[in-house]
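The values are calculated or read from the model by the stated rules, or taken from the named source; none is laboratory data. On a predicted model such as this, the values are computed, not experimentally measured, just so you know. Glycine gets a Cβ as well: all are built from the backbone with ideal geometry, and neighbour counts include every protein chain shown. Each accessible area value is taken on the protein alone, full model and side chains, heavy atoms only, with ligands, DNA and RNA left out. Shrake-Rupley method; radii C 1.70, N 1.55, O 1.52, S 1.80 Å.
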Amino acid sequence: MRLNGFAFLWALLTARVAAALEPVTVAISIAAVSALSGYLTYSDFFSCRFSECCKEDRPLNVSALKLDLEKKLFGQHLATEVILKALTGFRNNKNSKKPLTLSLHGWAGTGKNFVSQIVAENLYPKGLKSNFVHLFVSTLHFPHEQQIKLYQNQLQKWIRGNVSACGLSVFIFDEMDKLHPGIIDAIKPFLDYYEQVDGISYRKAIFIFLSNAGGDLITKTTLDFWRAGRKREEIQLKDLEPVLSVGVFNNKHSGLWRSGLIDRNLIDYFIPFLPLEYRHVKMCVRAEMQARGVAVDEDIVTRVADEMTFFPKDEKIYSDKGCKTVQSRLDFH
């Protein structure tokens, strides 16, 4: 029996509303539509004409991602290089053995959240607003230490439901340094080298952790290079990643404290975000002015940068808030 136009549209809208409520319900609604329509094929339904699609063959525009990272992210040569290579390699690998898991570390204002936004926008046109990109904020979604068990169960159900609806789902965990230890280990089976967990494959999903933990270790290495007369661009991942992974694992104020994710080597890359210098702050000010559609005034750029505070006390090299307060300070000029 053919499904008439009104019934078909109603089924679509029903599935769309269900997406906001319960991921598993979406799959059921879709199956019902396909069964009733008869003549509709799987590819016809996911034609993207009525709603956002999760397409296994969605290509990653490597050139666009590279351009975004190089033009919008300042002072982070390591993050630019590693994220570009990690995402390109992962998306080009048709036979990945596990999900891609990245852990981004550094002080506030160095670009971690901004990078997660860039990654989301290059994977899905709607970016962070996509139905397939999911953001968790520790202080908002997991505030109470006494409810760790509840959070673990909820987290497993949420990830399982969303990956069952879209295998290419992206999960971003912000404020990992404020996450109660133990919660994140609930997702360890999903990050491991299993072909399937309870009939679901997680091998195409992406997990991104954002944390201030390890910022002190990153600053120390960066400062050591500066004091030795070496350029920050000479810092390599091998100079920081081993120290960073051990430091975060042993940090009691980190959501990854003694985590099985580190112990089992399930985090593919620990990516350091270096502290930003005066010149980088000025780049942020220029970029913000351009984003607002106003002409770049170098006098204003200098005044905003001069208002920022820098450390260490004697050398005053690095902005203690990175570029975090650039937007608000620019409002006064």
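Return yes when Ile267 is of a type in the set (A, V, I, L, M, F, W, C), on the phi < 0 side of the Ramachandran plot and touching a Ser or Thr at 6+ places or on another chain (Cβ under 8 Å) and no when it is not.
yes
Could you grab me the full set of residues in region 189-233 that are of a type in the set (Asp, Glu) and open to solvent by less than 10 Å² (accessible area, probe 1.4 Å)? First the steps, then the outcome.
Residues of region 189-233 that are of a type in the set (Asp, Glu), as a first pass: 192, 195, 198, 216, 224, 233.
Matches in region 189-233: Asp192 only.
Under 8 Å between Cβ atoms, at least 6 apart or on separate chains: pull out the pairs that start in region 188-201 with a residue that is over 18 Å from Arg264 (Cα atoms) and at pLDDT 95 or above and end on any residue that is exposed (fewer than 14 other Cβ atoms within 10 Å of the Cβ) and not β-branched (Val, Ile, Thr).
If the second residue must be exposed (fewer than 14 other Cβ atoms within 10 Å of the Cβ) and not β-branched (Val, Ile, Thr), the pairs left are Ser201/Glu195.
With in contact with a strand residue (DSSP E or B) (Cβ under 9 Å, 6 or more places away or on another chain), of a type in the set (Val, Ile, Thr) and over 30 Å from Arg203 (Cβ atoms) as the only criterion, which of Ile262, Ile317, Ile271 stands out? I'd like the intermediate steps shown before the answer.
On the way: Ile262 fails: over 30 Å from Arg203 (Cβ atoms); Ile271 fails: over 30 Å from Arg203 (Cβ atoms).
Only one candidate qualifies: Ile317.
Quickly run through region 258-292 and pick out the residues that are open to solvent by 70 Å² or more (accessible area, probe 1.4 Å), in a loop (DSSP other than H, G, I, E, B) and either β-branched (Val, Ile, Thr) or without any contact (Cβ under 8 Å) to a residue 60 or more places away in the chain (or both).
If the condition is that a residue be open to solvent by 70 Å² or more (accessible area, probe 1.4 Å), in a loop (DSSP other than H, G, I, E, B) and either β-branched (Val, Ile, Thr) or without any contact (Cβ under 8 Å) to a residue 60 or more places away in the chain (or both), then Asn265, Arg292 are the ones that fit.
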